[in-house]
Amino acid sequence: MTDTGIVLNNGVTMPRLGFGTIGQTGSQIVENVAFALNHGYDLIDTANRYGNEAEVGEGLKRSGRKREEYFLETKLGPTLYEQDHAVDDTLKRLQVDYIDLMILHHSQPSSDVAAYQAMEQAVSEGKLRSIGLSNYYTAEDF
C-alpha cells in the first residue's frame, strides 16, 4: 500500500482514501473496482446490504493485485451475524481469505453484543484483521 494511512487501535493501518461501491452493480462495479485498485486507490469499501460483494470480488481478482497490496472493508447488518456462516459467506462472495476491516453496519440493540462477539471470534480465526462499528447515532446505541 502506498498511503501511510491511519493506524487503527489494533495496529492495522488503513489507507486514508478509499473507493466506495454503494449503488454500483454488475459489470460496472467489476470494472470500477479493478480500475480503482490500479489507479491510486488502496482501499475498497463494500457492504453486504449493497448486494454487490460478488462483483466486488470479481473486480479484486481482475485488478491483478495481490491480496496483501490493498485494504478491504465490508459491513454486515447485525442480524446477519446470527447466522454462524455469515463471515464465511462474505469471504466466499469477495473471493478472499481475509477481510481487513469488518464493521457492524448499524445499531440493532437486540443483536449487537452477539454480533460483536462473532466478529471477535472471526478475528481470532484470522478471517478478519480489524472490527468496528458504523452508523451508531446516540450514546444509547453504544
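The values are calculated or read from the model by the stated rules, or taken from the named source; none is laboratory data. On a predicted model such as this, the values are computed, not experimentally measured, just so you know. Please note: Cβ atoms are built from the backbone with ideal geometry, for glycine as well, and neighbour counts cover all protein chains shown. To get the accessible areas, we keep the full protein, side chains included, count just its heavy atoms, and leave off ligands, DNA and RNA. Shrake-Rupley method; radii C 1.70, N 1.55, O 1.52, S 1.80 Å.
Considering every residue within the range 5-27, establish whether at least one is open to solvent by less than 20 Å² (accessible area, probe 1.4 Å), touching an Asp or Glu at 6+ places or on another chain (Cβ under 7 Å), more than 22 Å from GLU125 (Cβ to Cβ) and β-branched (Val, Ile, Thr).
Yes, the range 5-27 has at least one match.
Determine, yes or no, whether LEU43 is among the aliphatic types (A, V, I, L, M) and either at pLDDT below 85 or more than 16 Å from SER134 (Cβ to Cβ) (or both).
no
Six or more apart or on different chains, Cβ under 8 Å: which pairs go from a residue in the range 20-39 that's at negative phi and modelled with pLDDT of 95 or more to one that's assigned to a helix (DSSP H, G or I) and open to solvent by 80 Å² or more (accessible area, probe 1.4 Å)? Could you list them?
Short answer, once both residue conditions are applied: VAL30/ARG62; GLU31/ARG62; VAL33/ARG62; ALA34/ARG62.
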